[in-house]
1. Which of the residues that make up the range 193-213 are in contact with a Ser or Thr (Cβ under 7 Å, 6 or more places away or on another chain) and either under 18 Å from Asp65 (Cβ atoms) or touching a residue at least 60 places away in the same chain (Cβ under 8 Å) (or both)?
2. Which of the following residues is touching a helix residue (DSSP H, G or I) at 6+ places or on another chain (Cβ under 9 Å), surrounded by fewer than 22 Cβ atoms within 10 Å (Cβ to Cβ) and modelled with pLDDT under 95: Thr259, Thr245?
3. For residues that are assigned to a strand (DSSP E or B) and among the polar types (S, T, N, Q), tally how many sit in the range 104-150.
4. Could you tell me which of the residues Val396, Val430, Val453 is under 22 Å from the mean Cα position of the chain (by Cα) and modelled with pLDDT of 90 or more?
5. Which one of these is aliphatic (A, V, I, L, M), over 22 Å from Val145 (Cβ atoms) and out of contact with any strand residue (DSSP E or B) (no Cβ under 9 Å at 6 or more places or on another chain): Leu19, Leu26?
6. Residue check, Ile495 against (1) surrounded by fewer than 20 Cβ atoms within 10 Å (Cβ to Cβ); (2) within 30 Å of Gly276 (Cβ to Cβ), all met but one. Which one?
7. Looking only at the range 446-456, how many residues end up being in contact with a strand residue (DSSP E or B) (Cβ under 9 Å, 6 or more places away or on another chain) and without any contact (Cβ under 8 Å) to a residue 24 or more places away in the chain?
8. Any idea which of Gly322, Gly347, Gly338 is surrounded by fewer than 23 Cβ atoms within 10 Å (Cβ to Cβ), without any contact (Cβ under 8 Å) to a residue 60 or more places away in the chain, in contact with a helix residue (DSSP H, G or I) (Cβ under 6 Å, 6 or more places away or on another chain) and not polar (S, T, N, Q)?
Amino acid sequence: MSERTYTNIVDALVDQAKLRPNAIALTDADEELSYARLQAEVEAAASRLVTLGVRRQERVVVVGDNTWQWVVAYLAILRIGAMAVPMNNRLAPAQVSDLVALLEARFALADDVHVRLFEDCTGLRILSINGTAATPFGSVDSTNVALPDMPLATENAVISFTSGTTGTPKGAVIGHDALCKASQVYVDLIQADESTSTLIVAPLFHNTGFVDQLGTMLLCGGRADLLLRYRTQEAVAACRRRPTTFVTAVPSVLRMMMTDDGADAVYGPATDVFFGGSPMPAPWSLEMHERWPSLRLWHGYGLTEFTSCCTVLPAGLILTHGASIGYAAEGVELRLVGEDGQDVADGTVGEIWVAGDTRMGEYWRRPDATAEKLNGRWLRTGDLAERRERGLLYHVGRRDDVINRGGEKILPSFIEAVMAEVPSIAQAVVFAVPHPVLQNSVYAAVEPRPNMVVDVEAVREFLRRRLPSYAVPEGIIASTDLARTASGKLDRRAIRAGYLESQTQSK
């Protein structure tokens, strides 16, 4: 492994190709790309982009499932100093059209399955990275094309759009240096080296995919295996075929793999499991520890605008303080700030503010939203937390999720944590429903655990014994088909919107 400190992820690829040319960098089903081949593919793709006339710092969209062609396209865009825009492949064509217009993009690289997303776009040249549904990217003649210098650390690398299925996503502008340092957090945390490997089950367009896993493997010289799209049995089969050491996903995905008959293929060879998005229910962590005692379990909290990781709960504290999001990650400054703009005392809820080298520069073409989010060097996360015993941080909700029910302020995360104790509930989200007198009523949606049924009345009775009467949800919806964000979490806003729409239609 190179001892260099990188400010450009493609520089890391070049070094790895020199140091370990025949080592496998990337796998995609039967396809295995060595570091030498991956670099050659990236250089060739970069030459084609130059031939097409892609300019430095121009925005280039890349969209598709998890394939080696997606990785090559993404790295090629970075190589020539353009700005890669990993786009959510679940968006509707109208949403894609709006984002392309915002970006003033002239080029999009897509797999055949997702070319259709651009049907509402005008003035956009679409190139197919793995087929013939549009102009094949590989057919662009780039003979004798000179590549530009490597991008500088201070140049913009990526525009990463915030996740969510409702509203207009905002594009966080991330620099090359920030991109490298965000991945370096994981290299240092798990002490990754050339023997480290990971299966990318999250969509590559998500920070977990292109920062936490792909970027980390390029920096340490490890191996990244690609899963086209998440299916539990396919993930287990992939791990059985190529055992991996670094597993990362949201708790619900980890749980689905834990309950599969082939779980030992996933967790047996692993040394580290990293999860975020929500705490791991204590019974799940305990079961994982008992079945695979050598595993180190890490809980992280992060967000797109900070290029991912902000805090980490050390592995040794998962069983005793598993609900905590831990301490500020290496290189991160963190404050808890009250409504008066001052730091709050321990045991008092405040908004998480973070500062560090991985912070975004701005929201693309959204100075209003940027001004709301940034305060000098500080990023206002919108997340609420409090500092408790041992200085540990506990996430308690979103500033804009607080429910006001007749003057009582209710944190959804508090109710959700209690609901997580119900054996039949895998995940829960709590949301507000307008009330003519109280302003808001409390409602919840729950996802059953595999092969279990949620008894709604029994859940309400359980909650009555554990919560103040005003915090017990007036309605509980149980479903296996709840809306999710791109990262796999239940989407509170989409679920709420769907419920309100269903109530309107039933009147």
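1. Thr198, Leu199, Ala202, His206, Asn207, Thr208, Val211, Asp212, Gln213
2. Working: Thr245 fails: modelled with pLDDT under 95.
Of Thr259, Thr245, the one residue that is touching a helix residue (DSSP H, G or I) at 6+ places or on another chain (Cβ under 9 Å), surrounded by fewer than 22 Cβ atoms within 10 Å (Cβ to Cβ) and modelled with pLDDT under 95 is Thr259.
3. 2
4. Going through Val396, Val430, Val453 in turn, just one is under 22 Å from the mean Cα position of the chain (by Cα) and modelled with pLDDT of 90 or more: Val430.
5. Step by step, each of Leu19, Leu26 is checked, and only Leu19 is aliphatic (A, V, I, L, M), over 22 Å from Val145 (Cβ atoms) and out of contact with any strand residue (DSSP E or B) (no Cβ under 9 Å at 6 or more places or on another chain).
6. (1)
7. The total comes to 1.
8. The conditions single out Gly322.
The values are calculated or read from the model by the stated rules, or taken from the named source; none is laboratory data. Remember, predicted model here, so these are calculated numbers, not experimental data. Because the Cβ atoms are built from the backbone with ideal geometry, glycine has one as well, and the counts that use them run over all protein chains shown.
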